[in-house]
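Peer 1: So that we are looking at the same thing, I have put the structure below in C-alpha cells.
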Protein chains: 2
Amino acid sequence: MKSNIKKEKRTTIYDIAREVGIAPSTVSKALNDLPSVSNKIKTLVKAKATELNYKYNFNAANLRSGSSRTIGVIVPKINVAFFSDAIAGMEEACFENNHRLIICQSDESYTKEVQCVQTLIHQNVDCIIISLSQETRSTVHLNEVKKNHMELVQFDRVDESFESHRIVNDNSQASYRAVKHLIEQGYKKIAFFGGSGHLAVYNHRKQGYLQAIKEADLNIPYNYILDNALKKETAQKAAIELLKYKDPPDAFFTVTDHSALGVLKAAISLGLRVPDQVGIMGFSNEAFTEFTFPTLSSVEQQSKNLGKAAADVYFNHVLTSGMSDKDARHFEMRVIESSLIIRQSSERVPTL
Amino acid sequence: MKSNIKKEKRTTIYDIAREVGIAPSTVSKALNDLPSVSNKIKTLVKAKATELNYKYNFNAANLRSGSSRTIGVIVPKINVAFFSDAIAGMEEACFENNHRLIICQSDESYTKEVQCVQTLIHQNVDCIIISLSQETRSTVHLNEVKKNHMELVQFDRVDESFESHRIVNDNSQASYRAVKHLIEQGYKKIAFFGGSGHLAVYNHRKQGYLQAIKEADLNIPYNYILDNALKKETAQKAAIELLKYKDPPDAFFTVTDHSALGVLKAAISLGLRVPDQVGIMGFSNEAFTEFTFPTLSSVEQQSKNLGKAAADVYFNHVLTSGMSDKDARHFEMRVIESSLIIRQSSERVPTL
DNA sequence: TTTATTTAAGAAACCGATTTCTTATTTTCT
DNA sequence: AGAAAATAAGAAATCGGTTTCTTAAATAAA
C-alpha cells in the first residue's frame with residue numbers, strides 16, 4: 001500500500017518515449033495512428049500508454065495545432081426548455097464528433113453576450129453557436145468572431161442582416177398551418193397576439209398568420225392584431241378586453257404558450273367555453289400545455305433537432321469542406337420543420 | 001478598404017513586446033497586473049493590447065500554469081428542468097469567478113459517464129461536478145479524478161460511500177415536512193410512492209415519510225408503501241389498485257411529480273374528489289404542477305441554488321484554502337433547504 | 001550492381017503564455 | 001559616501017503535445 005506524498009506528475013508522451021526507447025514525436029504519431037509509424041511501434045506505444053495511465057493533454061495539443069475541438073454556445077437562458085433541449089442536441093452532435101461543448105448564457109443582456117463572445121475567443125473555440133439576447137441590436141461582437149477565423153452559426157433568434165450560417169424554425173410556415181387549422185375548425189374571427197417587432201422570430205410568425213387569414217379572405221378588425229403580448233398577464237388582460245368587445249374574436253393565435261395560457265384564463269373567467277366559443281392555439285409546446293384544462297394546442301419546435309442541426313452545420317458543412325479559402329464559401333441556411341400539436345383548446349367536436 | 005487575403009495571425013504578447021520595445025515576459029506580467037511592473041509600462045502595454053486587438057490565449061496559459069480555470073459538469077440529462085436549472089446556477093458562479101463551464105451528459109448511462117470523466121480529465125479541468133447516472137453502481141471512474149489531482153463535487157445523485165464534497169437537498173427533512181403537512185390537513189391513511197432503492201435521494205425521501213407517520217402514530221398497512229413508482233403510468237395503475245382496495249388511502253406522498261400526476265389521474269378516473277377525498281403531494285415542483293386541475297402541491301428544490309452551491313464549494317472552499325496539502329483536508333457537505341409549495345391537491349378548506 | 005524511391009524513425013522547432021532566475025538601477029540605511 | 005536592500009525589467013526555460021525537416025534503412029527500378 002504505497003501512499004505517495006509528493007503528487008506525482010501526469011505521464012506525458014516523453015515518459016512513454018523513454019520507457020519504450022523511442023522519440024517523443026514517434027509516440028505522438030503512434031497515438032494518433034499516423035501512417036508513418038509501424039504497427040509494431042503503435043502496439044508497443046499504446047500498451048505502454050495504458051500501462052502508465054497516460055492522459056492526453058488537450059491544452060498542449062490545441063496550443064500547437066491551433067484547433068481546440070471545442071464548440072462554444074451562447075444562449076439567453078440555459079434553463080429555458082427550448083434552449084436546454086437545443087443544447088442537449090448540440091451536446092449529442094459534439095459527443096459523436098469528439099468535440100467539447102462550452103456553454104455560456106447571456107441572460108438576455110447585450111453586455112453579457114459580448115463578454116461571452118470574448119471568453120469563447122480567448123478559449124480559442126473552433127465554432128460559436130449563438131442565439132441572440134432580447135437586448136441585442138448590434139452585431140459588432142459577431143464580427144469579432146469572424147475576425148478570429150472562427151465559424152459562426154446563428155440559431156433561432158438570428159440577425160438576418162448578419163451573414164453567417166443560420167438555423168431557424170419554419171416560424172412563418174408553422175404559424176400559417178396553425179391558423180389554417182383554426183380556420184378549418186370553423187373559427188372566423190381569429191385574433192393574433194405577437195411579440196416585439198425587432199425579433200425576426202415573431203415577425204415571421206405574424207407573417208404566417210397574415211398569410212392564412214388573407215388566403216381565407218377573413219375580415220379581421222385592426223384591433224384583433226396585437227404586438228407585445230408575450231406574457232401570461234399581458235395576454236390575459238388584452239384578451240379580456242377583446243372578448244368583452246361588441247364584436248369579439250372567436251379564436252386566438254398566440255406566439256407563445258404563456259400568452260395562450262393567459263387567453264385561456266381570460267376566457268374561463270368570462271365564462272366562455274373553450275374550444276366551443278373560443279379557440280386557442282399557442283406556440284412552443286411547453287410542457288404545461290398538456291396539463292391545462294382544457295389542454296392547449298401548440299406548435300412543437302423540435303428544439304433538440306434544431307440544436308443538433310446547428311452543430312452539424314459545423315461538423316458537416318464546415319469541417320469536411322476543408323474550409324477551402326476561396327471566398328465562394330456560402331452560408332448554410334437551414335429551416336427545421338415544426339409540427340402542430342392539436343389538443344382540446346382548438347378542436348371542435350364535429351357536429352353531425 | 002483593405003481586404004486581407006492571407007489570414008493574419010492572432011496578435012500575441014510577443015507582438016506587443018516588439019511594438020512597445022520591451023520583453024515578452026514583462027508584457028505578460030503587465031497584463032496580469034503583477035506588482036513587479038511599473039504603472040507606466042502597464043498603461044503602455046494595455047493600450048497597445050487594445051490597439052492591436054490582442055486576444056488572450058487560454059490554452060497557452062493553461063499549458064504552462066497547469067490550471068485551466070475551467071469546471072466540468074456531468075449530468076444525466078441536460079434538458080431536465082432540475083439539471084438545467086442547476087447548470088444555470090453553476091454557470092452563474094463560474095461567470096462571477098472568471099471560469100469556464102464545460103458540460104457533458106451521461107444520458108443515464110454508466111459507460112457514457114465514464115467517457116465524460118475521461119474527456120474532462122483530458123481537458124485538464126480544475127474541478128468536476130457530477131450527478132450520477134441511474135446506471136452507475138461503481139466509482140472507479142471517480143477515483144481517476146482524484147488521481148489526477150482534480151477536485152470533485154458530487155451533487156444531488158451522490159454516492160455516499162465515496163469521499164468527496166457533496167451538495168444535496170434536504171430530501172428527508174423536506175419529505176418529513178410534506179407528510180406532516182398532509183397529516184395537519186387531516187389525512188390519516190397516507191400512501192407512499194417511492195423510487196428504486198439504490199439511489200440515496202429516494203431512500204432519504206422515504207425516511208422522511210416514515211419518520212412523519214411514526215411520529216403521528218399512524219397505522220399504515222404495508223401495501224401503502226410502494227417502491228419503483230416514479231413514472232406517471234406506473235403510479236396511475238398502482239393508485240387505482242390501492243384506491244379500489246377495501247381500506248383505501250386518503251392521501252398520497254410521491255417522490256416525483258410525474259408520479260403525483262398519475263395518482264391525480266387515477267383519482268379523477270375513479271370519480272374521487274381531490275383534495276376532499278384524496279390528498280396528493282408530489283416532489284420537484286415541476287412546471288406542470290401549477291397547471292393541472294386541481295393544481296398539485298409539491299416540494300420546491302431550489303435547483304439553481306443547488307448548482308451554484310456546488311460550484312461555490314470549489315470557489316470558496318477549495319480555491320481560497322490554497323489546497324493546503326495536509327491530509328487534514330475535509331470534505332464539505334452541504335444541504336440545500338427546499339420548501340413546500342402548497343397548492344390545491346393537498347389543502348382541504350377548513351370546515352368551520 | 002548501382003541508383004532512385006519509399007518507408008520508418010528521430011531531431012528539433014514550435015504554439016503562446018508563465019515563471020524562475022538574473023541583472024541593472026534605485027532607494028534606503030548606517 | 002558606501003553598503004545593503006528593494007525595485008523593475010529582461011533572458012531563458014518551461015508546459016506537452018504537433019509538425020516539419022532530416023536521415024538511415026529498406027525496397028524498387030534501371
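Peer 1: Could you check B:MET90 against (1) closer than 21 Å to B:LEU152 by Cβ; (2) within 13 Å of DNA strand C (Cβ to nearest atom) and say which number it fails?
Peer 2: (2)
Peer 1: Something else now. Out of the residues in the stretch A:41-57 meeting the condition of being more than 12 Å from DNA strand C (Cβ to nearest atom) and assigned to a helix (DSSP H, G or I), tell me which one is least open to solvent (accessible area, probe 1.4 Å). Break it down into steps so the answer makes sense when it comes.
Peer 2: Filtering the stretch A:41-57 down to residues more than 12 Å from DNA strand C (Cβ to nearest atom) leaves A:46-56.
Next cut, assigned to a helix (DSSP H, G or I) only: A:46-51.
Values: A:LYS46: 78, A:ALA47: 58, A:LYS48: 38, A:ALA49: 11, A:THR50: 109, A:GLU51: 124 Å².
For the stretch A:41-57, the residue satisfying everything is A:ALA49.
Peer 1: Can we say A:ASN32 is within 8 Å of DNA strand D (Cβ to nearest atom), closer than 22 Å to B:ALA60 by Cβ, free of Cβ contacts under 8 Å to residues at least 40 places away in the same chain and loosely packed, with under 13 Cβ neighbours inside 10 Å?
Peer 2: Details: within 8 Å of DNA strand D (Cβ to nearest atom): yes; closer than 22 Å to B:ALA60 by Cβ: yes; free of Cβ contacts under 8 Å to residues at least 40 places away in the same chain: yes; loosely packed, with under 13 Cβ neighbours inside 10 Å: yes.
Judged against the criteria, A:ASN32 is a match.
Peer 1: Being surrounded by fewer than 16 Cβ atoms within 10 Å (Cβ to Cβ) and more than 12 Å from DNA strand D (Cβ to nearest atom) is the requirement here; does B:LYS9 meet it?
Peer 2: Values: surrounded by fewer than 16 Cβ atoms within 10 Å (Cβ to Cβ): yes; more than 12 Å from DNA strand D (Cβ to nearest atom): yes.
The answer is yes for B:LYS9.
Peer 1: Hey, another quick one. Kindly indicate whether B:ARG69 is basic (Lys, Arg), within 9 Å of DNA strand C (Cβ to nearest atom) and either closer than 23 Å to B:ASN97 by Cβ or modelled with pLDDT under 95 (or both).
Peer 2: It is false that B:ARG69 is basic (Lys, Arg), within 9 Å of DNA strand C (Cβ to nearest atom) and either closer than 23 Å to B:ASN97 by Cβ or modelled with pLDDT under 95 (or both).
Peer 1: Among all residue pairs at least 6 apart or on different chains, which show Cβ distances below 7 Å where the first residue, located in the stretch B:115-130, is more than 17 Å from A:ASN62 (Cα to Cα) and the second is open to solvent by 10 Å² or more (accessible area, probe 1.4 Å) and part of a loop (DSSP other than H, G, I, E, B)?
Peer 2: Going by the 7 Å Cβ cut-off, the qualifying pairs are B:ASP126/B:SER67; B:ASP126/B:ARG69; B:ASP126/B:MET150; B:CYS127/B:MET150; B:ILE128/B:MET150.
Peer 1: Name the single residue that is farthest from B:VAL255 (Cα to Cα) among those in the stretch B:86-95 being more than 7 Å from chain A (Cβ to nearest Cβ) and either open to solvent by 10 Å² or more (accessible area, probe 1.4 Å) or aliphatic (A, V, I, L, M) (or both). Full working, then the answer.
Peer 2: Within the stretch B:86-95, the first condition is being more than 7 Å from chain A (Cβ to nearest Cβ), and the residues that meet it are B:86, B:89-90, B:92-95.
Next, from what is left, pick out any that are either open to solvent by 10 Å² or more (accessible area, probe 1.4 Å) or aliphatic (A, V, I, L, M) (or both): B:86, B:90, B:92-93, B:95.
Details: B:ALA86: 19, B:MET90: 25, B:GLU92: 28, B:ALA93: 29, B:PHE95: 33 Å.
Looking at the filtered set, the residue picked out is B:PHE95.
Peer 1: Looking at the stretch B:265-311, which of its residues are part of a helix (DSSP H, G or I), among the hydroxyl-bearing types (Ser, Thr, Tyr) and away from every other protein chain (no Cβ under 14 Å)? Spell out the reasoning first.
Peer 2: Let us first name the residues in the stretch B:265-311 that are part of a helix (DSSP H, G or I), namely B:265-269, B:287-290, B:303-311.
Now narrow it down to the ones that are among the hydroxyl-bearing types (Ser, Thr, Tyr): B:269, B:289, B:303.
B:SER269, the sole residue that qualifies.
Peer 1: Residue under question is B:THR111, and the condition is that it be more than 16 Å from DNA strand C (Cβ to nearest atom), among the hydroxyl-bearing types (Ser, Thr, Tyr) and over 26 Å from A:ILE87 (Cβ atoms); does it hold? Can you show your working first?
Peer 2: Details: more than 16 Å from DNA strand C (Cβ to nearest atom): yes; among the hydroxyl-bearing types (Ser, Thr, Tyr): yes; over 26 Å from A:ILE87 (Cβ atoms): no.
No.
Peer 1: Check whether at least one residue in the stretch A:64-85 is away from chain B (no Cβ under 13 Å) and open to solvent by less than 30 Å² (accessible area, probe 1.4 Å), and report yes or no.
Peer 2: Within the stretch A:64-85, not a single residue is away from chain B (no Cβ under 13 Å) and open to solvent by less than 30 Å² (accessible area, probe 1.4 Å).
Peer 1: Another question, then. Assess whether A:VAL114 counts as being over 14 Å from the mean Cα position of the chain (by Cα) and either within 10 Å of chain B (Cβ to nearest Cβ) or not small (Gly, Ala, Ser) (or both). Talk me through it step by step, then tell me what you get.
Peer 2: Working: over 14 Å from the mean Cα position of the chain (by Cα): yes; either within 10 Å of chain B (Cβ to nearest Cβ) or not small (Gly, Ala, Ser) (or both): yes.
Answer is yes for this residue.
Peer 1: Look at the stretch B:18-40 and say how many of its residues are within 12 Å of DNA strand C (Cβ to nearest atom) and either assigned to a helix (DSSP H, G or I) or within 35 Å of the chain's Cα centre (by Cα) (or both).
Peer 2: Residues flagged as within 12 Å of DNA strand C (Cβ to nearest atom) and either assigned to a helix (DSSP H, G or I) or within 35 Å of the chain's Cα centre (by Cα) (or both) within the stretch B:18-40 amount to 10.
The values are calculated or read from the model by the stated rules, or taken from the named source; none is laboratory data. Everything numeric here is computed off the predicted structure, so don't read it as measured data. Reconstructed Cβ throughout: ideal geometry from the backbone, glycine too, with neighbour counts over all protein chains shown. All accessible areas refer to the heavy atoms of the entire protein, side chains included, with ligands and DNA or RNA removed. Shrake-Rupley method; radii C 1.70, N 1.55, O 1.52, S 1.80 Å.
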